[in-house]
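The values are calculated or read from the model by the stated rules, or taken from the named source; none is laboratory data. Keep in mind the model is a prediction, meaning the values are calculated, not measured. Note that each Cβ is placed from the backbone with ideal geometry, even for glycine, and that neighbours are counted across all protein chains shown. With ligands, DNA and RNA removed, areas are computed over all heavy atoms of the protein, side chains included. Shrake-Rupley method; radii C 1.70, N 1.55, O 1.52, S 1.80 Å.
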Amino acid sequence: MKHPLPGLVLAASLFTQGASFAQSGMPDSPPSQQDTVSVQKGMATYRGYTAPTDEKALLDRLHLANQHEIKSGKLAQQHSQNPDVKAFGTIMMKAHTALDQKLTSYARSKGLKLAESPKPMNDAEEASMAKDKATLEQLQVIRGAPFDSAYLASQVTGHDAVLGMVLTAQKAMPKATPELAAMLEDLSKQVPAHRHQAWNMLGKLGGETGVGGSGPAHPPPSPPKP
């Protein structure tokens with residue numbers, strides 16, 4: 001099977017590094033340029049991932065990600081013939097529905113109306129949103145084993161992207177409200193768990209259908225223990 005995109009390894013390292021750089025053996029050494037947060041035109045960048053520095057814009061994008069997960073989870077119920085994939089789709093639907101309810105409730109408490117289709121802030125984000133839309137459209141027309149492969153592969157890459165955005169936001173918004181900080185912390189734990197499950201399931205698919213992912217011989221790093 002094909003190896004994962006480079007971003008998968010980067011996002012996994014984002015999660016496993018934690019708040020320090022102890023893995024390098026030099027926790028007191030100065031961070032490299034990629035380990036610092038840069039902000040330009042309302043977008044923070046950290047280790048190759050971006051997140052809006054505006055709270056409303058961040059909530060819009062997290063809402064969009066949740067809706068994508070809910071919709072694709074429903075498609076798993078309809079288009080997969082694999083009971084494990086169906087069960088995973090159900091888990092994603094329930095988990096992201098609960099996450100989105102917390103998010104929208106918080107937005108309402110702040111008097112914010114979330115956008116269903118937020119306007120891209122730059123060309124890279126526009127391309128990413130277009131790719132996510134195309135993926136959902138693809139999942140709507142395929143069935144069976146091809147669906148399973150495409151769905152699980154998109155779950156790995158999609159959760160990597162969300163994890164990168166969440167951790168970037170945590171770095172770039174140190175003065176976030178306690179409620180938002182708690183939601184980001186919850187996401188930083190749930191998203192890697194979802195991604196890990198999708199990765200393992202993708203590796204178990206037959207070689208003729210397991211495209212875009214990696215098998216169990218190359219598992220992602222385990223999340224740090226709390």
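The loop-placed trypsin sites (Lys or Arg not before Pro) in the stretch 28-129, going by DSSP, that have at most 15 neighbouring Cβ atoms within 10 Å of their Cβ come out as LYS41, LYS110, LYS113.
In a solvent-free Debye calculation with one equal scatterer on each Cα, what is log10 I(q)/I(0) for the stretch 68-157 at q = 0.16, 0.23, 0.24 Å⁻¹, listed in the order of the q values? Scattering profile of the stretch 68-157, log10 relative to I(0): -0.74, -1.12, -1.15. Return the carbon/sulfur percentage of the accessible area of the stretch 124-200, one whole number, probe 1.4 Å, all protein chains in place. The nonpolar share, carbon plus sulfur, comes to 58 percent.
Placing +1 on the Cβ of every Lys and Arg and -1 on the Cβ of every Asp and Glu, with no other charges, gives the stretch 115-210 a dipole of roughly 180 debye about its Cα centre.
Listed cross-link partners LYS71/LYS133; LYS94/LYS189; LYS94/LYS204 are compared with a 18 Å cut-off, the Cα-Cα value being larger for LYS94/LYS204. Using the 1.4 Å probe convention, the accessible area of the stretch 72-128 works out to 59 Å² per residue with neighbouring protein chains retained.
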